[in-house]
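The structure appears below as structure tokens.
The values are calculated or read from the model by the stated rules, or taken from the named source; none is laboratory data. From a predicted model like this one, the values you see are computed outputs, not experimental measurements. Counting neighbours? That spans all protein chains shown, and the Cβs are built from the backbone with ideal geometry, glycine included. Just the protein is used for accessible areas: all its heavy atoms, side chains included, with ligands, DNA and RNA removed. Shrake-Rupley method; radii C 1.70, N 1.55, O 1.52, S 1.80 Å.
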Amino acid sequence: MEISVKTGDVLTEPADLAALGLFEDEALPETVAGWIAPGDFSGKAGQNVLLYSRGDASPARVLLLGLGRRSALTTEGLRQAAATAIQQGRTLQAASVTIGLQGEWPIGATVAAQAIAEGVVLGQYRFLRYRTDLSREQTHEVSHVALLTGDADAAAARAGVDVGRAIAQGANYARDLVNTPGYALTPAALAGEAQALGERTALKVTVLDKAQLIEGGYGGILAVGQGSVNDPRFIIIEHGEAKAGVPTVCLVGKGLTFDSGGLSLKPAEFMTTMKSDMGGGAAVLGAMHVVTALDLPLHVVGLVPAAENMPGANALRPDDVVTSLSGKTIEVLNTDAEGRIVLADALHYALRYKPDAIIELSTLTGAMVIALGAHATGVMGTNEALVEQLRKAGEATGERVWPFPLWDEYKQMLKSEVADLKNIGGRPAGSITAGAFLAAFTGDVPFAHLDIAGTAFSERPAKPYHAPGATGVGVRLLVDLLRQYAPIQSVKS
Ligand code: BES
Ligand code: ZN
Ligand code: ZN
């Protein structure tokens, strides 16, 4: 899809569909007012009405999009409105869609255009790889989108479009990976995707295979992967290099290409959707994709421990003790709490970069789905400033995050008699004890854990720019954080 910026007006620019964003506290443009009964459209946020111009305007169809009060407009409002426009365009089989806003562009044309471009690219996404039953009409895509602005806003809007498109493409890339079933996206296949990314971009990609994992002592990744015929991998993706004055940030993502629970097998109804258990890893790959596209002035290292958690003759048993890469031993009491075991190795590995911050994402606990549902990602950290930056990035991107405490009492719940720590802390505070487990492997480095179990995948879309399946959560959040990145002050919480 091509997204351009033009100066002009949606009512005079020809298009198959024109989308016009209107504000609640402002009068309708005169032409539009003539097409609609007073009171049928108030401009309330989320409202939309499709009208036919019958020769009164250049586009045959005009979609009115309510944006709420001008003073209360957010990027999320624009993102959602743009997604609604593109979905309407698709339904109508429009080849070209124009998008405009009433009056001057609020909240800054760059930021507004970025949000609209994101909404358009995210809103067009569907996962159709395995669908052979759809007609051409049903798979139609809008090929041209033009944002119409005033003269003063055009240059700024262009800059925003380029950024928004790159970010949303990164998120859609992550969605494709997450939506791919486990048989097709094995740990080796995920590593292959990372390598392909390295070949297309300036990213430096290294993959450790099973022999190298054995050689290097990656006991956690190996233990979780040992029940599967699909061997584990460890993926390392690097942007930029360590240099004085350039902050280093490590992004770590859980890469369970399928989580059956292992010998602590999941009940059937909880096992479906577990192809999405590499959602954190996909977010890291997607974010790295954007980091290199925007060439951010940072040293960013993406780390994805990839494994398949399966029962089998060689599978990890409950009661086994695993020696992780750090040397710390883990008593495995439930093989379904496997994410934290592979992440222990990846987090310890991150320390070799002496990073300024480690941000880790994982579909870690069912308890987080219960706590926050699909509407927010849980965050826990050892550094308040880092958690606060993530919270702000969540507000800016619409990928909200909400904090949980990591007090010492929760770490105590992981004490084991037979090893250094056990991999489960019981049902109470299950999400927090999982976070406390991870924090045990991050030394003194400012660390934040994002539990995306509730936000990575949804059969019923929660937002107009979502589709059934993967949301790509984390990509936009991480990129926003990295673009705003201020080196973390060491305030231990
Ligand atoms: N991958 C799951 C968590 C999950 C659940 C993600 C639902 C997305 C949706 C994780 O590996 C897991 O099974 N966790 C267990 C931990 C328990 C055994 C302590 C859980 O949450 O039940
Ligand atoms: Zn599990
Ligand atoms: Zn899992």
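Packing-based ranking of 338-347, 69-78, 182-191 yields 338-347, 182-191, 69-78, ordered from highest to lowest mean Cβ neighbour count within 10 Å. The HN-Hα couplings worked out from phi for the range 467-484 by the Karplus form 6.51 cos²θ - 1.76 cosθ + 1.60 (θ = phi - 60°) are 10, x, x, 5, 9, x, 4, x, 5, 5, 4, 5, 5, 4, 4, 5, 5, 8 Hz, whole numbers, x standing for Gly and Pro.
Cα gyration tensor of the range 325-368, axes a ≥ b ≥ c as square roots of the eigenvalues: rounded (a/c below 1.5), prolate (a/b > b/c) or oblate? Cα axes put the range 325-368 in the oblate bin. Any chance you could check the Cα centroid distance between the range 115-193 and the range 325-347 for me, in angstrom? Rounded to whole Å, the Cα centres lie 35 Å apart. Pairing the Cα long axis of helix 187-200 with the longest principal axis of the chain, what angle in degrees results, from 0 to 90 and rounded to the nearest 10? For helix 187-200, the angle is close to 50 degrees. Sorted on the mean count of surrounding Cβ atoms within 10 Å across their residues, most packed first, peptides 200-210, 216-226, 454-464, 278-288 read 278-288, 216-226, 454-464, 200-210.
For the range 309-382, what does the alpha-carbon gyration tensor say about shape, rounded, prolate or oblate, given a ≥ b ≥ c as the root eigenvalues, a/c under 1.5 as rounded, and a/b over b/c as prolate?
Oblate, because a/c is 1.5 or more while a/b does not exceed b/c.
Between Glu459 and Tyr130, full extension at 0.36 nm per residue minus the direct alpha carbon distance yields a gain of 116.8 nm. Report, please, the projected area of the range 346-493 averaged over directions, based on the convex hull of its C-alpha atoms, in nm². That works out to 9.1 nm². According to the Cα-based calculation, Rg over Rh for the range 281-340 is 1.15, with Rh computed by the Kirkwood formula. Each residue of the range 449-456 was assigned a 3J(HN,Hα) from its phi angle through the Karplus curve 6.51 cos²θ - 1.76 cosθ + 1.60 (θ = phi - 60°); the sequence is 10, 10, 8, 9, 4, x, 10, 7 Hz, with glycine and proline shown as x. For the chain, with all protein chains in place and a probe radius of 1.4 Å, 51% of the accessible heavy-atom surface sits on carbon or sulfur. Approximating the spin labels as points 7 Å out from Cα along Cα→Cβ, the Thr206-to-Thr7 distance works out to 5.1 nm.
Computed from the Kirkwood radius of its Cα pairs, the Stokes-Einstein diffusion coefficient for the chain at 20 °C and 1.002 mPa s stands at 92 µm²/s. In sequence order, the range 155-170 has phi-based couplings of 5, 4, 5, 4, 4, x, 4, 4, 5, x, 5, 4, 5, 5, 5, x Hz under the Karplus curve 6.51 cos²θ - 1.76 cosθ + 1.60, θ = phi - 60°, and Gly or Pro positions carry x. Projected label points at Ile370 and Ile36, each 7 Å from Cα along the beta carbon direction, are separated by 4.5 nanometres.
Length gain on complete extension for the stretch Arg54 to Lys243, per 0.36 nm per residue less the alpha carbon to alpha carbon distance? Write out the running numbers ahead of the final one.
On the way: separation 189, 0.36 × 189 = 68.04 nm, distance 6.18 nm.
Taking Arg54 through Lys243 to full extension adds about 61.9 nm, to one decimal.
Around the amide H of Gln226, modelled in the peptide plane, lie the amide H atoms of Leu316, all under 5 Å away and 5 or more residues distant in sequence or on another chain.
Give the relative contact order (percent, whole number) for the chain; include only Cα pairs under 8 Å separated by 6+ residues. Before the final figure, lay out the partial values.
Working: 1201 pairs, mean separation 72.5, N = 493.
That works out to 15 percent.
Distant-in-sequence amide contacts of Asn48, defined by a placed amide H-H separation under 5 Å and a gap of 5 or more residues or a different chain, comprise Gly66.
Pairs Lys254/Lys354; Lys254/Lys392; Lys328/Lys411; Lys328/Lys415: which are spaced more than 19 Å apart, C-alpha to C-alpha? If you can, show how the numbers build up before the last one.
Values: Lys254/Lys354 21 Å; Lys254/Lys392 23 Å; Lys328/Lys411 15 Å; Lys328/Lys415 13 Å.
Over 19 Å apart, Cα to Cα: Lys254/Lys354; Lys254/Lys392.
Between the amide H of Thr7 and those of Thr149, distances stay under 5 Å, these residues lying 5 or more places away or on another chain, with hydrogens modeled in the peptide plane.
With distances taken between every two different alpha-carbon atoms, the range 365-411 has a Kirkwood hydrodynamic radius of 11.3 Å.
Any idea what the alpha-carbon Rg over 2.2 N^0.38 Å comes to for the range 157-283? Mind showing how you got there, number by number?
On the way: Rg = 16.7 Å, N = 127, 2.2 N^0.38 = 13.9 Å.
Against the empirical 2.2 N^0.38 Å value, I get 1.20 for the range 157-283.
Counting only DSSP beta bridges whose two residues both lie in the chain, roughly 40 percent are antiparallel. Sorting 248-259, 227-238 by average packing, meaning the other beta carbons within 10 Å per residue, from highest down gives 248-259, 227-238.
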